[in-house]
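Undergrad: Take this structure first; my questions come after.
The values are calculated or read from the model by the stated rules, or taken from the named source; none is laboratory data. Fair warning: this is a prediction, and the values are worked out from it, not measured in the lab. Here the Cβ positions follow ideal geometry from the backbone for every residue, glycine too, while neighbour counts run over all protein chains shown.
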Amino acid sequence: MTMNIKKLLGKKIKHYRILRGFSQEKLSELLNISQRTLSGIECGNNFLTSQTLDKIFDILKITPDELFHVEYLKSNKELTVELTNIIKSLEKDEEKLRTIYRVIKAILND
């Protein structure tokens, strides 16, 4: 199942809005759009204008690369399969396998 571009961008905008500590109300105010319009953008029902997009980059302090890079939005199942394949491909590379192990352990101990 693939998401359309409006849904992907909306999900990323919402992610960065929350990460930066903005409510929908506050961000919509800063963008000079209605909260309903912002909600529609985040849900993938509305598409944003280039002017709003420029303001989003500025206000949320993100780059176009950050907004348009959507690989991390893969489903949990897709991520699990991909990680499993990566680990299996490294079975004979002890150094890389141990490094991955230490990284995962560090994340889990956080």
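Undergrad: Could you list, in sequence order, all residues of the stretch 69-79 that are touching a Lys or Arg at 6+ places or on another chain (Cβ under 8 Å) and either modelled with pLDDT of 85 or more or assigned to a loop (DSSP other than H, G, I, E, B) (or both)? Steps first, please.
TA: Residues of the stretch 69-79 touching a Lys or Arg at 6+ places or on another chain (Cβ under 8 Å): 70, 73.
Correct list: 70 only.
Undergrad: Report every pair of residues separated by at least 6 positions or lying on different chains whose Cβ atoms are under 6 Å apart, first residue within the stretch 47-61 and touching a residue at least 40 places away in the same chain (Cβ under 8 Å) and outside the structural domain of residue 16 (by TED's automatic domain parsing), second of a type in the set (Phe, Trp, Tyr) and assigned to a helix (DSSP H, G or I).
TA: Short answer, once both residue conditions are applied: none.
Undergrad: Same structure again: Tell me yes or no: at least one residue of the stretch 80-102 is outside any helix (DSSP H, G or I), more than 14 Å from the chain's Cα centre (by Cα) and of a type in the set (Asp, Glu).
TA: If we filter the stretch 80-102 for residues that are outside any helix (DSSP H, G or I), which is where we start, we get 90-93.
Narrowing further to those that are more than 14 Å from the chain's Cα centre (by Cα): 90-93.
Those left that are additionally of a type in the set (Asp, Glu): 91, 93.
Yes, the conditions are met somewhere in the stretch 80-102.
Undergrad: So, residue 87, is that one in the same structural domain as residue 15 (by TED's automatic domain parsing) and not charged (D, E, K, R) or not? Talk me through it step by step, then tell me what you get.
TA: On the way: in the same structural domain as residue 15 (by TED's automatic domain parsing): no; not charged (D, E, K, R): yes.
No: the conditions fail for residue 87.
Undergrad: It is to be established whether one or more residues within the stretch 9-21 are assigned to a helix (DSSP H, G or I), out of contact with any Pro (no Cβ under 8 Å at 6 or more places or on another chain), surrounded by 11 or more Cβ atoms within 10 Å (Cβ to Cβ) and small (Gly, Ala, Ser).
TA: yes
Undergrad: Here are some conditions: (1) of a type outside the set (S, T, N, Q); (2) touching a Gly at 6+ places or on another chain (Cβ under 6 Å); (3) without any contact (Cβ under 8 Å) to a residue 40 or more places away in the chain. Residue 44 meets all but one. Which one does it not meet?
TA: Every condition holds for residue 44 apart from (3).
Undergrad: Same structure again: Mind counting the residues in the stretch 22-60 that are in a loop (DSSP other than H, G, I, E, B), over 21 Å from residue 74 (Cβ atoms) and either among the aliphatic types (A, V, I, L, M) or at pLDDT below 95 (or both)? Lay out the reasoning, then the answer.
TA: Taking the stretch 22-60 first, the residues in a loop (DSSP other than H, G, I, E, B) are 22-23, 32-34, 44-49, 60.
Now narrow it down to the ones that are over 21 Å from residue 74 (Cβ atoms): 22-23, 32-34, 45-49, 60.
Remaining after also requiring either among the aliphatic types (A, V, I, L, M) or at pLDDT below 95 (or both): 33, 45-49, 60.
So the count comes out to 7.
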